[in-house]
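Report on one structure; see the data block that follows.
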Amino acid sequence: MSEKEVLLTQEGLKKLEEELEHLKSVKRREVAERIKVAIGYGDISENSEYEDAKNEQAFIEGRVITLEKMLRNARIVNLDEVDINTVSVGSIVTLKDLEFGDLVEYTIVGTAESDPFLNKISNESPVGKAILGKQKGAKVDVTVPAGVIQYEIMDIKK
């Protein structure tokens, strides 16, 4: 089975590489020390500190594997090649909610970089899917759990 391509901006690539390096160089050492200290307390069968440290170690190792896989399958989006005539990964899009008139600006990114709190939405999210490939002035319907939201694409930039 082929692994899924991960779309990343240069900024997103840097963040993932930094997180991976931090996990490998800092967090692994910290959790290993916690395990060592917990073992020193004696019987590990009823030692909650040992159990907690082992759980954290498993989480860290799982995240390291995930990050390595994402970086191995990364395709970097060159922002210089982003077309401002159509919405694509790397575009900054201003949308107008046609029901309420609210304006919102989103940056379209790959799933690995999405962060709704920073208005970075995935190209695979409902809004991302609906506007991908569309041009300024296009009206789109986005199906969300609460129903359908209609947006108009007001601006596309990079």
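Residues are listed down the side, and each one gets a yes or a no for (1) touching a helix residue (DSSP H, G or I) at 6+ places or on another chain (Cβ under 9 Å); (2) surrounded by fewer than 17 Cβ atoms within 10 Å (Cβ to Cβ):
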site	(1), (2)
LYS54	yes, yes
ALA58	no, yes
ASN73	no, yes
ASP80	no, yes
VAL87	yes, no
LEU103	no, yes
SER114	yes, no
LEU118	no, yes
Legend entry - Number of positions in segment 42-77 that are without any contact (Cβ under 8 Å) to a residue 40 or more places away in the chain and either under 19 Å from the mean Cα position of the chain (by Cα) or assigned to a helix (DSSP H, G or I) (or both): 20
Inset, instruction - Using the structure shown, decide if ILE121 is outside any helix (DSSP H, G or I), within 26 Å of GLU3 (Cβ to Cβ) and in contact with a Phe, Trp or Tyr (Cβ under 8 Å, 6 or more places away or on another chain). - result: yes
Inset, instruction - Might you check whether a residue that is touching a residue at least 60 places away in the same chain (Cβ under 8 Å) and hydroxyl-bearing (Ser, Thr, Tyr) occurs anywhere in segment 3-16? - result: yes
Inset, instruction - Might you check whether a residue that is more than 30 Å from GLU18 (Cβ to Cβ), touching a Phe, Trp or Tyr at 6+ places or on another chain (Cβ under 8 Å) and either assigned to a helix (DSSP H, G or I) or of a type outside the set (Ser, Thr, Tyr) (or both) occurs anywhere in segment 103-117? - result: no
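Bear in mind these aren't lab numbers, they're just calculated from the coordinates by the rules spelled out. Small disclaimer: the values here were computed from a predicted structure and weren't measured. So basically every Cβ, Gly included, is an ideal-geometry build from the backbone, and we count neighbours across all protein chains shown.
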